[in-house]
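Student: This is the structure I want to talk about, given as structure tokens.
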Amino acid sequence: MMDEDRTDEAEGGSGIVKKFMYVNRKAPYGTVYALEVLEMVLISAAFDQDVHLVFTDDGVFELKKGMETAGIGMKNFSNTYRALEGYDIEKLYVDQESLDERGLAEADLIVPVTVLSRAEMAKLMGEMDVILSA
Amino acid sequence: MSLLHTVAKSPFERDALSSCLDLSLPGAAILLYEDGVYGALKGGRFAERLAEAAKTRALYVLGPDLKARGLGEDRLIAGVTVVDYRGFVELAAKHQAVQAWC
């Protein structure tokens, strides 16, 4: 790992692809966390890494279809999740338990996702090189 | 006269709604707004507790916050009234005091 990092530095960051995971655990609009993670993800797209996006706990609310934010005077950023495909960010994961306890179903979501069990999500998380969470 | 209780945080993340339900009296009004609106989701973890509270307390949800989060009134448990900002002000004005659970 250390050697790899040194090579990475010597080559100016080229060549090494790490598994990145961004963990979304907050609802949109009530706090700025959801939007901030999304911006971080968009920046990361420039670095050609193996990006995984996880939506768990209240993070699943970020993907709810049909947001209309004019009434609260905030920008609706949910359409940006649909643009991620254009940045080759296509690994999106949601866990079934988080959907269930919120009365949501996969059909409520604005983008195609892989629905995992909480146990499968734990396993996936365990395979990552870098994890960033909010 | 009775109190208006307001809850603005997600019940899945904070215990604001739970404390509100414990510490509000029958006859009180409870308004859910911002991330607090998630508490009223039909089929959600808090649906049953809130439905029970609705028997003795007046429950309200702020419409613009619901709409922003992609939730229609059809996604809420029965017995919840959707109000707009004007309705929020009217509720605050007609109650003896406001207790904000934030």
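Student: Lys and Arg at +1, Asp and Glu at -1: add these up for the other residues within a Cβ distance under 13 Å of A:LEU92 and post the number. Don't jump to the answer; show the numbers that get you there.
Tutor: Values: positive: A:ARG82, A:LYS91; negative: A:GLU62, A:GLU85, A:ASP88, A:GLU90, A:ASP95, A:GLU106.
Net charge around A:LEU92: -4.
Student: Can you tell me which of A:72-80, B:69-77, B:27-35 comes out highest on packing, and rank the rest after it, using the mean Cβ neighbours within 10 Å? Please list the in-between numbers first.
Tutor: Numbers: A:72-80: 14.8, B:69-77: 18.6, B:27-35: 22.3.
Most protected by this proxy first, the peptides run B:27-35, B:69-77, A:72-80.
Student: Then there's this: Looking at region A:23-133, send over the antiparallel percent of its DSSP beta bridges, to the nearest 5.
Tutor: Details: 1 of 11 bridges.
Once the DSSP bridges in region A:23-133 are tallied, antiparallel ones form about 10 percent.
Student: If you take every residue apart from A:TYR29 with its C-beta less than 9 Å away from the C-beta of A:TYR29, what net charge results, scoring Lys and Arg +1 and Asp and Glu -1?
Tutor: Working: positive: B:ARG69; negative: B:GLU34, B:ASP35, B:ASP65.
Once all neighbours under 9 Å are counted, the net charge is -2.
Student: Does the protein assembly as shown come out rounded, prolate or oblate by the C-alpha gyration tensor, with a ≥ b ≥ c the root eigenvalues, rounded set by a/c under 1.5 and, if not, prolate when a/b is larger than b/c and oblate if not? Before the final figure, lay out each step's value.
Tutor: On the way: a/c = 2.59, a/b = 2.36, b/c = 1.10.
Prolate is the answer for the protein assembly as shown, as a/c is 1.5 or above and a/b outweighs b/c.
Student: Still on this model: Can you tell which of B:VAL37, B:VAL80, B:VAL89 shows the greatest fluctuation in a Gaussian network model of chain B with Cα springs below 10 Å?
Tutor: Sorting by GNM fluctuation, first place goes to B:VAL89.
Student: Another question, if that's okay. I want to verify a result. In a Gaussian network model of chain A, Cα cutoff 10 Å, which of these has the top mean-square fluctuation: A:ASP48, A:ASP100, A:ASP58?
Tutor: A:ASP100
Student: Would any residue of region A:107-133 have its amide N under 17 Å from a label point 7 Å out along Cα→Cβ of A:ALA45? List them or say none.
Tutor: It comes to A:110-113, nothing else.
Student: Counting pairs on different chains as well as pairs 8 or more places apart, how many Lys pairs in chain A have Cα atoms under 21 Å apart?
Tutor: Count of close lysine pairs: 13.
Student: Out of residues 5 or more away from A:LYS19 or on other chains, whose amide H comes under 5 Å of its own, with H placed 1.01 Å from N in the peptide plane?
Tutor: Under 5 Å from the amide H of A:LYS19: A:ASP129, A:VAL130.
Student: Let me ask something else about it. Subtract the Cα-Cα distance of B:ASP15 and B:VAL98 from 0.36 nm times their separation in residues, and report this length gain in nm to one decimal.
Tutor: Details: separation 83, 0.36 × 83 = 29.88 nm, distance 1.83 nm.
Gain on extension, B:ASP15 to B:VAL98, equals 28.1 nm.
Student: Now for a different question. On the accessible surface of region B:3-101, probed at 1.4 Å, how many percent belong to carbon and sulfur atoms?
Tutor: Values: 2320 of 4500 Å².
Roughly 51 percent, rounded to a whole number.
Student: Moving to a separate point now. Per residue of region B:92-98, in order, report the coupling 6.51 cos²θ - 1.76 cosθ + 1.60 (Karplus, θ = phi - 60°) as ³J(HN,Hα) in whole Hz, putting x for Gly and Pro.
Tutor: The phi angles translate into 4, 6, 8, 9, 5, 7, 10 Hz.
Student: Mind checking how much accessible area A and B bury in total, 1.4 Å probe, in Å² rounded to 100?
Tutor: The A and B chains share an interface burying roughly 1600 Å².
Student: Just which residues of region B:61-89 lose 50 Å² or more accessible area with every protein chain there, against their chain alone, with the probe set to 1.4 Å?
Tutor: Correct list: B:LYS67, B:ALA68, B:ARG69, B:GLY70, B:ARG75.
Student: As a test of the formula, what do you get for chain B when each DSSP H run with n ≥ 4 contributes -39,500 (n - 2.57) and the sum is divided by the residue count, at 222 nm and rounded to the nearest 500 deg cm²/dmol?
Tutor: Values: 4 runs with 31 residues, N = 102.
So the calculated ellipticity at 222 nm is -8000 deg cm²/dmol.
Student: Now a separate question. Any chance you could tell me what percent of the C-alpha pair distances in chain B go past 17 Å?
Tutor: Beyond 17 Å sits 43 percent of the P(r) for chain B.
Student: Further, regarding this structure: In the protein assembly as shown, what % of DSSP beta bridges are antiparallel (nearest 5)?
Tutor: On the way: 3 of 37 bridges.
If I count the DSSP bridges inside the protein assembly as shown, around 10 percent turn out antiparallel.
Student: I've got another one for you. Just to confirm a number: summing +1 for Lys and Arg and -1 for Asp and Glu over residues other than B:GLY63 whose beta-carbon lies under 12 angstrom from that of B:GLY63, what do you get? Kindly include the intermediate steps, with their values, before the conclusion.
Tutor: Values: positive: B:LYS67, B:ARG69, B:ARG86; negative: A:GLU68, B:ASP65, B:GLU73, B:ASP84.
Neighbour charge sum, excluding B:GLY63 itself: -1.
The values are calculated or read from the model by the stated rules, or taken from the named source; none is laboratory data. This is a predicted model, so every value here is computed, not measured. All Cβ positions, glycine included, derive from the backbone under ideal geometry; neighbour counts span all protein chains shown. Ligands, DNA and RNA are excluded from the accessible area calculation, which covers all protein heavy atoms including side chains. Shrake-Rupley method; radii C 1.70, N 1.55, O 1.52, S 1.80 Å.
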